[in-house]
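The values are calculated or read from the model by the stated rules, or taken from the named source; none is laboratory data. Since the model is a prediction, treat every value here as computed from it, not as a measurement. Counting neighbours? That spans all protein chains shown, and the Cβs are built from the backbone with ideal geometry, glycine included.
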Amino acid sequence: MEKRETFSGLLVWVLRGSIVVAACWAAFGAWENLREYPRTEDAEVRANLAGIAPQVGGSIVGIHVADNQFVKRGSLLFELDARPYEAEAARAKARFDLVRMEVAALQDQILAAEASLGEKVAAAEYAVAHSERLEQLLKGQFVSPDRVQRAQSEARVATAAVREAGAAVAKAKNQLGEFEGKNTRIEEAAAALRDAELKVSYCKVYASCDGIVTDLQIAVGSYAAAGEQIFSLVDLREWFVLANFRETDLERVKPGQKARVFLMADRAVVVEGIVQGIPRAVFPMLTPSRSAAGGEGVLSRVKPTFDFVQLAQRFPVRILLEGKERAAFRMGGRAAVIIDTKSQPVEVLQVGEKKIFLPPEMR
């Protein structure tokens, strides 16, 4: 009887020990699994936004889209009243034509000044030569000194006239505005004309990408200021998830690794993804004071705390979505993410229409 009780007690301790070992082994397996497959439910589906804003101001005369409408790249979104800019373009065109005529007149003036310079040069050459001949005749007393002096004076006057004509030619060329083979007057007028024509073209605003119109809350007749965003366009070319992971979970996470994304809108669908990158910086939880110029100030501001619990910072890991279930993607939707750190990181990421090559230090 005592042996049976001893055996039963031993069996109980063996079972207890087995349970403890199994529990420890299961806990270790779960811990290792979490290290190899870090996960978070704090993730958000995102897409790039194109803020639609006119480059010129004016009254809206036509809206060609509706809220939540799909548009193709290059589709006309809305129009502004172009009449003031068309008038400015017509004025710039007239000014351009006038400048071209002025340049032609200046070129004619240069030709006339060069012709006058040629005449003055010929007259000066004759006056100087005539003066030199008379000086030789003066030695034999064949001419009077007064005649020689008059010839010398005429030679000096003719030479001065040559310098004056040369200055007139240089002035005419400067007024023409030629520099490095281009006429600056015409270039300036042409630039003003192009600027005016661009402003006319800016009165029609087109879609910069395939996307969905969102937050459209304007009507015909509203005034749109230059650079003021009217609505947004959700770029459908690239979808990604910003998954907030604790810094303690990022030890094995590298760009290019595979990830699985579970959308809250449809948990049954698993979307494949690729880790694009991990941010190097986030806004700190305890920030310095902002009392001084330069951004953060001189003295640090320590937030008072009484629990002395050190919380791990969270970093938003960007994960590109590769799945074809784009109909379920909605910007701002919630998701859960599991990263496979055992997967081999890819060397090239396909982001929309472009490729991103990952250097070895990032893989």
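Below, the figures for the structure above:
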item: Restricting the range 177-203 to residues that are of a type in the set (K, R) and surrounded by 16 or more Cβ atoms within 10 Å (Cβ to Cβ), the residue that is nearest to the chain's Cα centre (by Cα); result: K199
item: Cβ pairs under 9 Å, 6+ apart, first in the range 57-71 and farther than 11 Å from V205 by Cβ, second polar (S, T, N, Q) and surrounded by 14 or more Cβ atoms within 10 Å (Cβ to Cβ); result: D67/T214; N68/T214
item: Sole exception among (1) touching a residue at least 40 places away in the same chain (Cβ under 8 Å); (2) assigned to a helix (DSSP H, G or I); (3) surrounded by fewer than 17 Cβ atoms within 10 Å (Cβ to Cβ) for V99, by number; result: (3)
item: Set D215, D210: member being surrounded by fewer than 18 Cβ atoms within 10 Å (Cβ to Cβ), outside the structural domain of E114 (by TED's automatic domain parsing) and within 20 Å of E79 (Cβ to Cβ); result: D215
item: Filter pass, S116 being surrounded by fewer than 18 Cβ atoms within 10 Å (Cβ to Cβ), touching a Leu at 6+ places or on another chain (Cβ under 9 Å), of a type in the set (G, A, S) and farther than 30 Å from R237 by Cα; result: no
item: Unmet criterion (only one of (1) over 23 Å from the mean Cα position of the chain (by Cα); (2) surrounded by 15 or more Cβ atoms within 10 Å (Cβ to Cβ)) for K171; result: (2)
item: Any hit, the range 221-235, residues being modelled with pLDDT of 85 or more and touching a Cys at 6+ places or on another chain (Cβ under 8 Å); result: yes
item: The listed residue being closer than 30 Å to F96 by Cβ, in contact with a strand residue (DSSP E or B) (Cβ under 7 Å, 6 or more places away or on another chain), touching a residue at least 60 places away in the same chain (Cβ under 8 Å) and not aromatic (F, W, Y), out of K204, K199; result: K204
item: Residue ID - modelled with the lowest pLDDT, chosen from residues in the range 255-271 that are within 33 Å of the chain's Cα centre (by Cα) and among the β-branched types (V, I, T); result: V271
item: Unique residue being modelled with pLDDT under 90, more than 30 Å from I339 (Cβ to Cβ) and surrounded by 13 or more Cβ atoms within 10 Å (Cβ to Cβ) when the list is Q109, Q136, Q141, Q69; result: Q109
